[in-house]
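Novice: Mind looking over this structure? Questions follow.
FYI, it's all coordinate maths here, none of it is from the lab. Please read these numbers as outputs of a predicted model, since none were measured by experiment. In this analysis, Cβ positions are derived from the backbone assuming ideal geometry, glycine residues included, and neighbour counts consider all displayed protein chains.
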Amino acid sequence: MFFPYLRRELRRRRKAALVVASGLALGIALVIVVTSVSAGMVRAQDKVLQSLYGLGTDMTVTKAQTPPAEGDAAARPRFRFDAKGEGDTNAEAEQSSDLVMPQGFETLDAAIVDKVSGQTGVAQAVGGLSLQVMKVNGQFKRGEFKRSQGAEGGATGAKPGAAGGSGAANGTVEGGGADFDVNSFSVYGADVTRTGLGPLTTSEITSGRTFAAGESDAAVAVLDSAYATKNKLAVDSEVTVKGAKFKVIGIATVDSGDAAANVYVPLKQAQTLAETPGKITTVYVQAKDSQAIGSVKEAIQKNVPDTTVTTSADLADTVSGSLSTAASLASTVGTWLSYAVLLAAFLVAGLLTSSAVSRRVREFGTLKALGWKSGRVTGQVAGEALVNGLIGGALGIGLGLGAAYAITAISPNLTAQLAGGAGRTQGPGGGGGGMMRSARQPAGKALDIALTAPVSLATIALAVALAVAGGLIAGGFGGWRASRLRPADALRRVE
C-alpha cells in the first residue's frame, strides 16, 4: 500500500515535486562545483610548490639568515681582470671571468644531512648546492689621444695624461673604454647517489639519461631543455662553467613549466666550482607521514640549530595572483554561497511540503478515519519528501558533474606568483639576476596554471547525503504537520 500510494501522489503532484527537486538540485550542484573547484585550486597550488621543492619533498632546511655586517664585502660579487701594461700586445685582448656563488651566499655543512635524517619522523633527506654563475666576457680598448689645434710642438713627446706633460692640456683622449657582456645562469649540484628527492625530480629526462650513482666525480651535466635550446646544446655536447668542461648526458624538461636550474652537475663538482668543499645550501626532507610534517619540522628546528625549516604550507602562503584569488573565492565566498543556497533549498523544500500537507488535510483525515495511525501518515509524507530529495540529488549531481566537466574542458589559465620573502633559499631556478638576492628575498616567479575541477567519490557521496538530508528535512516538516491532524477536525474542512 505504501509504494502504490507514494507513486500515485507523486504523479498527482508532479509540479510541486519538480519545484522541490529543482531547488535541492541547484543547491547540491553548487556544492559539487565549489568542492571540485576547491580541489582544483589545491591541485594547482601543489603543482606550483612541486616545481620549487621536488616530488616527494615535504620541507627544506636552509641556513638561518643573518643580516650582513655593515661594510661587509664578502656578500658582494667581485670580478678581477689582469692588468695590461703599455706595449703589451694583449692589452686589448678579450678577457673573461666567471663568478660562481652559492644562492643566498649561505651554506651548510654537508654533514647536516645525516643529522636531519636521524630526526624522528624523517623518511629520507638529501643535500643540494644551488649556485649562480655570472660570466663576464669583453675587452678594454685604449683611447686615442688627439692634439688640439695650435698646440705647441714641445708637447709632441708628452704622454697623454701624464703629470706635468703639456699634452693633457693641449689635446683630448677619444674613443676607448670597455665593452663587456654579462651572462648569468644557475647550476644545481645534485647528490647522484640519491636522485629520488630534490628539484631534479620535477623534471622528466626527454633526451639522454640522468646521473648514475657512480658519477660523483664525473664531469657530466644534465641541462634544462629551455636552456639547451637557447644555447643550441644537445646530448654529447659540452658546457663550460668557470673553465671546466662538462659533457652533456641528458636533457630534462620540467613538468610544471616553472624555471628549473639551467645546469645540473654532481654535487662534488658543484662544490669544486664554488670552492666550497663539503658545503650545501639546502636539505630536502621527506617525512614518513604527511600528517606529521608539523612535528617533524619542530624536531628539526629544536635539534638542528641555526637552520630555517620551510614546509609546503609555509610556501603556500606566498602564492599570489589569480590562483590565490580564485582559491580564496572558492574557499570563502563560494563555500558560504553554496551553504546559503543549500539552506534556502532545504527551507523551501520543507515549506512546500508543509504547505502541501495543509492542502491535504481532508485526505489525511479520511485516512486516519479509515484506521491509519499517525506514524503511518507521517511515514507516507516523509517517504514522498525523501523521493523528491533523491530526485533533486540526481539532478544536482548531473548538473554539478556537467559544470565541473565544462570547467575542466575549458581549463582557464590562472597566474600564480610566488612572491619574495618566503623565508627560504631560492630554488635552483631563476637564471637572470637571482644571484644578487638574499636567501630571504627570492625572486618572484610567475606561472600559468590550467584550472581543473576534479570530482571525487567523496564529493558524490556528499551530494547523496545532502539529497537524503534535504528529503528528510522536508519530510520532517510535513510529517509533523500531518501527525497533529485530528480526524474529526480534518473531515470538517474542505480541501
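Novice: How far, in nm, would the chain grow between R209 and A344 when pulled straight, counting 0.36 nm per residue and subtracting the alpha carbon separation?
Specialist: Values: separation 135, 0.36 × 135 = 48.60 nm, distance 5.92 nm.
Stretched out fully, the R209 to A344 stretch lengthens by 42.7 nm.
Novice: Shifting gears a bit: Assuming R0 = 41 Å, can you tell me the calculated FRET efficiency for the pair R14 and Q291, based on Cβ-Cβ distance, to the nearest 0.05?
Specialist: With R0 = 41 Å, the Cβ-Cβ based efficiency is 0.25.
Novice: Still on this structure, please answer the following. Compute the distribution of all C-alpha to C-alpha distances in the range 234-310, in bins of 5 Å from 0, and list the percent of pairs in each, rounded to whole numbers.
Specialist: Histogram of Cα-Cα distances, whole percents per bin: 3, 11, 15, 14, 16, 16, 12, 7, 5, 0.
Novice: Using the C-alpha gyration tensor of the range 188-299, what are the square roots of 5 times its eigenvalues, in whole angstrom, with the largest one first?
Specialist: Working: eigenvalues 141, 62, 28 Å².
After diagonalising the Cα gyration tensor, the semi-axes are 27, 18, 12 Å.
Novice: Taking a 24 Å limit on the Cα-Cα distance, which of the listed pairs K135/K279; K135/K245; K232/K279; K63/K242; K232/K268; K135/K230 fall beyond it? Intermediate values should be presented prior to the final figure.
Specialist: Details: K135/K279 22 Å; K135/K245 14 Å; K232/K279 32 Å; K63/K242 26 Å; K232/K268 26 Å; K135/K230 16 Å.
Where the Cα-Cα span goes over 24 Å, the pairs concerned are K232/K279; K63/K242; K232/K268.
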